[in-house]
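Structure first, commentary second.
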Amino acid sequence: MKPPKHILPVIVIAQFFCTSLWFAGNGVLNSLLAEKGIAISVGTVTASVQFGFIIGTLLFAILTITDRFSPSKVFLVCAALGALCNLGMVWKTSGSELLLASRFTTGFFLAGIYPVGMKIAADYFDKGLGKSLGYLVGALVVGTALPHFLKWLTALLPWQYVIFSTSFLAVVGGILMVSLVPDGPFRKSSQHLDLMACFSIFKKKDFRVAAFGYFGHMWELYTFWAFVPILLRLFMEFHKIPELSIAFWSFCVIAIGGLACVLGGYISQNHGVKRTARSALLLSGLCCLLSPLALLYAPLPLFLIFLLFWGMVVIMDSPLFSTLVAQSTPQTIKGTALTITNCIGFAITIVSLQLIQLLQGILPDVFLFMVLALGPTFGLIGLFRK
């Protein structure tokens, strides 16, 4: 029995609206810091969101929240609270402490949005889950890129408009989810609290392979996204380019990954989920290694094409790894398995972000992003092993 036709579009739109909270701080950071007279790095702001997400997903996984309660209602509550926390950035007296607290708490409630959205999709789509999650993660990607687009679009307006817009969209997304997407037909509610479920799942070999591939992918992904504006700025400095819309191209490089997620979902139907994920991870790792050549020697059009391609392959495997995780897990703890995988994956992003920031004072900037190839290498070792 196929789910109603409106289910997947509503999940996708709700996910898109709510995940716009993720990089809202990054999209307006320069304007925000200039107005408030505070100094803080992009890596620190991004890491605070990731750290909040990690704590949130860990708590959700240990308490098996999404397997014991209605996922749609959890989604709504977290969307509303995340939108409220996001507004903390526009508080007139806010300094660096309140800014980081706002990003941390926003990240905490995103734990009830991103993995919960995937859980809802898995409750509706048993067959073709890879394609469905491709649309869903694609919505996450475009939602992540949205603040850069809004910043470019509202260049002549105060930066606060981006924050107000993303918070409003998050509330709308939560309402859409709870009103139009009831609990799915494949949902099996867990009847009791199992504090060890999120750890015992790692005993399954298929789950470990999928999870470790995801962890390698995450080492690269969010650090790449966070540093896309810096990559563009470095290229401008190396080649003495006076004008380039960094906000617009940052949006394009991140947002094109949404198309790649959908494309990867369709490719996986013909070539297999694991094989498609492995190919994307290999290509993104090669982009990391080739980044110095692109920065130093590529003409501007070729460099932008390189970044757009990197933006596609760096995220294409994400819904496929989530599909492999879901397929290797019993129905009663599927939400918990997706959540703990997200938790560990995003913990890895903090290490990656901080390492790149640390190496900025040690390595020449042009070689920094080769370090990101460590993640794909780790993931590929497990995926190629029989």
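The values are calculated or read from the model by the stated rules, or taken from the named source; none is laboratory data. In this text the structure is predicted, and so the values were computed from the model without any measurement. Cβ coordinates were reconstructed from backbone atoms using ideal geometry, including for glycine residues, and neighbour counts include every protein chain displayed.
Let me confirm something: among ILE348, ILE356, which residue is under 18 Å from PHE207 (Cβ atoms) and in contact (Cβ under 8 Å) with a residue 12 or more places away in the chain?
Exactly one residue qualifies, and that residue is ILE348.
Whether a residue is more than 12 Å from PHE215 (Cα to Cα), surrounded by fewer than 22 Cβ atoms within 10 Å (Cβ to Cβ) and of a type in the set (Gly, Ala, Ser) was assessed, and GLY335 does not pass this test. Scanning the range 308-320 for residues that are buried (at least 24 other Cβ atoms within 10 Å of the Cβ) and either among the hydrophobic types (A, V, I, L, M, F, W, C) or part of a helix (DSSP H, G or I) (or both) gives TRP310, GLY311, VAL314, ILE315, MET316, SER318, PRO319, LEU320.
Considered as a group, the residues in the range 264-273 that are surrounded by fewer than 19 Cβ atoms within 10 Å (Cβ to Cβ) and in contact (Cβ under 8 Å) with a residue 24 or more places away in the chain include one that is farthest from the chain's Cα centre (by Cα), and that residue is GLN269.
Every residue, every condition in (1) of a type in the set (Ser, Thr, Tyr); (2) crowded, with 24+ Cβ neighbours inside 10 Å; (3) closer than 14 Å to THR339 by Cβ; (4) out of contact with any helix residue (DSSP H, G or I) (no Cβ under 6 Å at 6 or more places or on another chain), yes or no:
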{"residue": "LEU87", "(1), (2), (3), (4)": "no, no, no, no"}
{"residue": "THR105", "(1), (2), (3), (4)": "yes, no, no, no"}
{"residue": "PHE108", "(1), (2), (3), (4)": "no, no, yes, no"}
{"residue": "ALA111", "(1), (2), (3), (4)": "no, yes, yes, no"}
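Residues that are over 11 Å from the mean Cα position of the chain (by Cα), among the hydroxyl-bearing types (Ser, Thr, Tyr) and closer than 19 Å to VAL162 by Cβ within the range 102-145 comprise SER102, THR105, THR106, listed in sequence order. Taking residues in the range 240-263 that are more than 15 Å from LEU146 (Cβ to Cβ) and in contact (Cβ under 8 Å) with a residue 12 or more places away in the chain, and partners anywhere that are of a type in the set (S, T, N, Q) and part of a helix (DSSP H, G or I), the pairs with Cβ atoms closer than 9 Å and at least 6 places apart or on different chains are CYS261/SER318. Summed over the range 232-258, residues that are crowded, with 24+ Cβ neighbours inside 10 Å and under 28 Å from PHE378 (Cβ atoms) total 5.
Can you tell me which of VAL116, VAL141, VAL77 is surrounded by fewer than 24 Cβ atoms within 10 Å (Cβ to Cβ), touching a Gly at 6+ places or on another chain (Cβ under 8 Å), within 23 Å of VAL181 (Cβ to Cβ) and of a type outside the set (Phe, Trp, Tyr)? I'd like the intermediate steps shown before the answer.
Working: VAL116 fails: surrounded by fewer than 24 Cβ atoms within 10 Å (Cβ to Cβ); VAL141 fails: surrounded by fewer than 24 Cβ atoms within 10 Å (Cβ to Cβ).
Checking each option against the conditions leaves just VAL77.
Only one entry of VAL141, VAL171, VAL74 meets the criterion of being at pLDDT 90 or above and under 30 Å from LEU320 (Cβ atoms), and that entry is VAL74.
Give the residue that is modelled with the lowest pLDDT, with candidates limited to residues of the range 217-236 that are aliphatic (A, V, I, L, M) and within 30 Å of VAL325 (Cα to Cα).
Checked the range 217-236; the qualifying residue modelled with the lowest pLDDT is ALA226.
Taking the criterion of being small (Gly, Ala, Ser) and either under 21 Å from VAL314 (Cβ atoms) or in a helix (DSSP H, G or I) (or both), the residues of the range 103-154 that qualify are GLY107, GLY117, ALA121, ALA122, GLY130, SER132, GLY134, GLY138, ALA139, GLY143, ALA145. The helices (runs of 4 or more DSSP H) found entirely in the range 1-85 that carry 2 or more residues being under 15 Å from the mean Cα position of the chain (by Cα) are 7-19, 24-36, 42-62.
Flag: PHE51 does not match the condition of being buried (at least 22 other Cβ atoms within 10 Å of the Cβ) and farther than 17 Å from LEU136 by Cα.
Here is a check on your reading of the model: is SER165 farther than 22 Å from PHE227 by Cα, of a type in the set (Ser, Thr, Tyr) and at pLDDT below 85?
Values: farther than 22 Å from PHE227 by Cα: yes; of a type in the set (Ser, Thr, Tyr): yes; at pLDDT below 85: no.
When the stated conditions are applied, SER165 does not pass them.
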